[in-house]
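A short worksheet on the structure shown next.
The values are calculated or read from the model by the stated rules, or taken from the named source; none is laboratory data. Since we're looking at a predicted model, the values are computed, not measured. As a convention, Cβ positions derive from the backbone with ideal geometry for all residues, glycine included, and neighbour counts pool all protein chains shown. Surface areas here come from the heavy atoms of the whole protein model, side chains and all, with no ligands, DNA or RNA. Shrake-Rupley method; radii C 1.70, N 1.55, O 1.52, S 1.80 Å.
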Amino acid sequence: MALIAVTTPEQRDLILPWRNAPEVRRVMYTRHLISDEEHRAWFEGIQADPRRCSYLHISAAGTPDGVVNFTDIDTVQRAAFWGFYTRPDAPPGTGTCILFEALDYAFGELGLYKLNAEVLDGNPASLQLHEKCGFKVEGTFRAQYFDGEQRLDVIRLGLLADEWAERRDAVCARIEQLEAMAAQPEVAPPRSIVVLSDAGSWINAMIPELMEEWGAQGHKVAWQHSPREAEAADFCFCLGLGQLVPAEVRQRFRHTLVVHGSDLPKGRGWSPLTWLILEGADRIPMTLLEAVDSVDAGRIYLQEWFNLEGHELLDEMHACQAESTRRLCRRFVDEYPRPVNDAREQTGVPSWYPRRGPEDSALDSEQPLSTQFDLLRVVDNARYPAFFEWRGHRYIVTVKKA
């Protein structure tokens, strides 16, 4: 793998169709179709401006598969901004490889001390990829960018040279893991897979890694937030999706699958993990099932459980839940069609969990903290924090593990 400076008209012309691809344009500041004239002006600009440079990323197979841009290069302060995009048909995992090479180049060849990045809200894949490599969120510029329809936050991130040195080996090991998976004998025939999730779901941090692993196995994977925009595929996995997928959309897939955190038919409905913790559970069931018209009522294909020790806060429980979800999804694809052949119908009387709202995070100021600790464990400090009422005022309580 390598970075090659974009210096020739042939390289310039190669990347224009990539930059104009809809999936690339929708996460850029400039979202219109780039004309030949505009693209030539950009190319001539980077040749003449020492504060900007652009590179083609070349894969291990010798194929160009992405573009890396460095801008606002300050040789005195040893800082710069950067951005990248992959070739539209590049396999999942390409972004990790590009980021690894680019960061090595930034802190090596360019001699930077700090590298900055900006990610538009609604691009969880890019945000997760940056954070995986050690970037830290330094602030959010609220409603900073208008895309023609809505105003979006801009998330600013930064990475220091010593922080990259700490993360580099882990990122390298991940790339080697994906390469080893790609070199293994075929576990399952190549499948087309769609992942659906809400744009703001906590599980979005896990989805890019799951897509990388499927991509390394030769599967074709797409990620959408709108069910109606999803194209036909073999399998559709609904992960962190807070809406029912209509029957006419489910017909596009051989199987539409949901991972639900309860021992169905008990605990259908909303936020099962939270309700189980409040009930005192320390062994959490995870169920992969077929999506049907009724909520959480389809055939069960796979199940597993994970254990908690009673001290975990929400982010730690989500990490366990995400890892279990990833295992179940991988198993379904790897072992297909066995999970379908061994499927079982749900039996017993269903029970239902209601949707939780901000008022469900209320603490009782008259009760000791120890009796309300499980509630503190499951609150989201940002979206629905714990609070209590006292002397006519509401007070927010934030809980973090030391």
Could you tell me the accessible area of M28 in Å² (1.4 Å probe, neighbours in place), rounded to the nearest ten?
40
At 1.4 Å probe size, what's the solvent-accessible area of L152? Round to the nearest 10 Å².
20
For semi-axes √(5λ) of the Cα gyration tensor in Å, the listed values are (1) 37, 28, 19; (2) 30, 26, 22; (3) 40, 28, 20; which was obtained by calculation from the structure presented?
(3)
Could you work out the percent of alpha carbon pairs in segment 45-145 separated by over 24 Å, rounded to a whole number?
24
Round to a whole number: what % of the accessible area of the chain belongs to carbon and sulfur, probe 1.4 Å?
51
Checking understanding here: applying a Kyte-Doolittle mean of at least -1.0 and a length along the axis of at least 24 Å (C-alpha), which whole DSSP H helices in the chain pass?
161-183, 314-335
Given a 1.4 Å probe and heavy atoms of the protein chains only, how would you sort I155, I284, largest accessible area at the top?
I155, I284
Which of the listed residues, I15, S262, L160, is farthest toward the dipole's positive end in the chain, when Lys, Arg count +1 and Asp, Glu count -1 at the beta-carbon?
S262
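How many percent of DSSP beta bridges within the chain run antiparallel, rounded to 5?
Numbers: 49 of 69 bridges.
That works out to approximately 70 percent antiparallel.
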Treat each spin label as a single point 7 Å out from the Cα along the C-beta direction, and report the I58 to E131 distance in nm.
3.5
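Nearest 500 deg cm²/dmol is fine: what mean residue ellipticity at 222 nm does the chain get from its DSSP H runs of n ≥ 4 alone, each adding -39,500 (n - 2.57), divided by its residue count?
Working: 12 runs with 127 residues, N = 402.
Counting only the DSSP helices, I get -9500 deg cm²/dmol.
State to the nearest 20 debye the size of the charge dipole of segment 294-402 about its Cα centre, where the only charges are +1 on K and R beta carbons and -1 on D and E beta carbons.
Using only the charged Cβ atoms, the result is roughly 280 debye.
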Longest site-free stretch - the chain; sites: chymotrypsin sites (Phe, Trp or Tyr not before Pro), DSSP loop, at most 16 other Cβ within 10 Å
114-269
Say a site is exposed when it is one of the GluC sites (Glu not before Pro), sits in a DSSP loop, and has at most 15 other Cβ atoms within 10 Å; what is then the longest site-free stretch of the chain?
1-108
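List, in the order given, every pair from K132/K266; K132/K400; K114/K401; K220/K266; K132/K401 whose Cα-Cα distance in the structure shown is over 32 Å. It would help to have the intermediate numbers written out before the result.
Working: K132/K266 36 Å; K132/K400 21 Å; K114/K401 29 Å; K220/K266 34 Å; K132/K401 21 Å.
Check vs 32 Å cut-off fails for K132/K266; K220/K266.
Charges at C-beta only: +1 for Lys and Arg, -1 for Asp and Glu. How large is the resulting dipole of the chain about its Cα centre, in Debye rounded to 20?
Working: 43 positive and 60 negative charges, 93 e Å.
Result for the chain is approximately 440 debye, rounded to the nearest 20.
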Amide H to amide H under 5 Å from S59: which residues, 5+ apart in sequence or cross-chain, H placed 1.01 Å off N in plane?
D65
I'd like to check one number: the per residue accessible area of the chain, probe 1.4 Å, reported in Å² as a whole number.
50
